[in-house]
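What follows is a set of notes on a single structure, which appears directly below.
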Amino acid sequence: MTTPRPLSARSVVLSLLLGAHPPELPVSALVDAGEMFEIAEPTLRVALTRMVANGDLERTDGTYRLATRLTERQQRQDLALEPELQGWDSTWEMVVVTSVGRSASDRAGLRTTLGELRLAELREGVWMRPANLSRTLPAWPEELISTFHAVPAQDPAALAAQLWDLPGWDLDGRHLLDDMAHARTAAERLTVAAAVVRHLRTDPALPLELVGSDWIAPRLRSAYTAYQQELVATEMQLLLSAPGTR
């Protein structure tokens, strides 16, 4: 097992609330959870205060809840962890950025959006992926982006290998799955689970024809789902054992 990098108090709070539905917990449960994950109470309380000041959290009557922008992040994360696949007919989505002269921040924001849509960049301004996801692309302005559906002439597996480092992603996923199996303490398990989430958010979610039946993503996703159920049970126990606030 690789040595996991310990999560900060802020990361522990975010991991707990991003996994909770609705994303809120009383301070008593957060303090107890912090101790379980090796975060001292004073450290956790300082982190909560700073997160409220920074607009990450909202506090009402001793309960902390994710602020709106992080609630939206939770929704995106939920969708990213469970991409909705559909049958693939060999067509690919293609997004071509046609505008010029945009600011660096606009370009960076668009690249982030395209990456979150699981598109990959073939060359500058040309993004694509197999059309096997049950979702629609945003309605971008015509002067900014043109979208197409096409069937590439080249071998689709070779094109996928050009767009993504599939062996590298699969190997990293196998290491994380092994780390999850060998993590012993609550802090280690939460740390590895957070790494699993980050990795699954970059899963290209390709058709089985392009990655093979041994692709690690389904097993990694199942392991994370089992951990999430475990974490929800832990949160429920904390709520039942500490119904009041501190």
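What Kirkwood hydrodynamic radius, in Å, does the chain give when the mean of 1/r is taken over all pairs of distinct Cα atoms and then inverted? Taking the inverse mean of 1/r over all distinct Cα pairs, the chain comes out at 20.1 Å. Only helices enter the 222 nm calculation for the chain: every DSSP H run of n ≥ 4 contributes -39,500 (n - 2.57), and dividing by all residues gives -16500 deg cm²/dmol, rounded to 500.
The string of couplings for region 61-73 from the Karplus curve (6.51, -1.76, 1.60, θ = phi - 60°) is 6, x, 10, 9, 9, 4, 5, 4, 5, 7, 5, 5, 5 Hz, one whole number per residue in order, with x for Gly and Pro.
Each residue of region 121-136 is assigned a 3J(HN,Hα), and the resulting list reads 8, 6, 8, 3, x, 10, 10, 7, 5, x, 8, 10, 9, 7, 7, 9 Hz, derived from the Karplus form 6.51 cos²θ - 1.76 cosθ + 1.60 (θ = phi - 60°), x at Gly and Pro.
When each of the peptides 28-34, 87-93 is scored by how many other beta carbons lie within 10 Å of its residues on average, the order from highest to lowest is 28-34, 87-93.
Packing around the peptides 35-47, 8-20, taken as the average count of other Cβ atoms within 10 Å per residue, puts them in this order, highest first: 8-20, 35-47. In this structure the amide hydrogen of L85, modeled in the peptide plane, comes within under 5 Å of the amide hydrogens of S134, none closer than 5 places in sequence on its chain.
FYI, it's all coordinate maths here, none of it is from the lab. If you're wondering where the values come from, they're calculated on a predicted model, not measured in any experiment. Virtual Cβ from ideal backbone geometry, glycine too; neighbours counted across all protein chains shown.
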